[in-house]
Amino acid sequence: MPPEMKCPFCASLVPDWHFEWHSREDQQAIITGEKAMQCPLCSAGVAFDGFTVTKSEEVVAQRNIRQAARWARLQNKSLSDYLQTREGQPYSEFWSEAEVRSADNLAAAEPE
C-alpha cells in the first residue's frame, strides 16, 4: 500500500498502512471489499482496493503480530524497535510489550 495516505475518516496522514501485516486471507478479503483495515490513528474501518483508501462499514480485519514481527525482521529490525520509529509509532498501542517481545522471539527463531 502506498505510504503517506490520509485516513478518509480522521484526515490524518498515516505513514504506512501495513496492509502486509494482515493474514493472506484477510488481505484478499480487504482487496475484495469484504473486510476493512483499521486506521492506526482513529481506529475507523478503511477500505483498500489495492490503490486507494475510502470509508468502509465492513468488519475490520486485525493485523497479525507474528506477520508484523516477520516483516520487521525482513527489514533487519525487531518489531519492538520498529514500533518506536515514526512509521511504526501509530501501531505501538496495538499489542502489549510482552506480546511484541514474544512475537520478536518467535520471528528470530524462524529460519531465514
What's the total number of residues in the stretch 8-40 that are surrounded by fewer than 21 Cβ atoms within 10 Å (Cβ to Cβ), over 13 Å from the mean Cα position of the chain (by Cα) and in contact (Cβ under 8 Å) with a residue 12 or more places away in the chain?
8
Condition test on Val100, is it among the β-branched types (Val, Ile, Thr), surrounded by 13 or more Cβ atoms within 10 Å (Cβ to Cβ), in a helix (DSSP H, G or I) and modelled with pLDDT of 95 or more?
yes
Write out, first by first residue and then by second, each pair whose Cβ atoms fall under 9 Å of each other, whose residues are 6+ apart or on separate chains, and whose first residue, in the stretch 46-59, is closer than 11 Å to Cys7 by Cβ while the second is of a type in the set (Ser, Thr, Tyr).
Val46/Thr54; Val46/Ser56
Go through (1) more than 12 Å from the chain's Cα centre (by Cα); (2) modelled with pLDDT of 95 or more for Ser43 and report which single condition fails.
(1)
Go through the stretch 9-56 and give me each residue that's assigned to a loop (DSSP other than H, G, I, E, B) and either assigned by TED's automatic domain parsing to the domain that holds Leu83 or in contact with a Leu (Cβ under 7 Å, 6 or more places away or on another chain) (or both).
Cys10, Ser12
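The values are calculated or read from the model by the stated rules, or taken from the named source; none is laboratory data. Note that this is a predicted model, so its numbers are computed, not measured. Methodologically, a virtual Cβ is constructed for each residue, glycine included, from the backbone with ideal geometry; neighbour enumeration extends over all protein chains shown.
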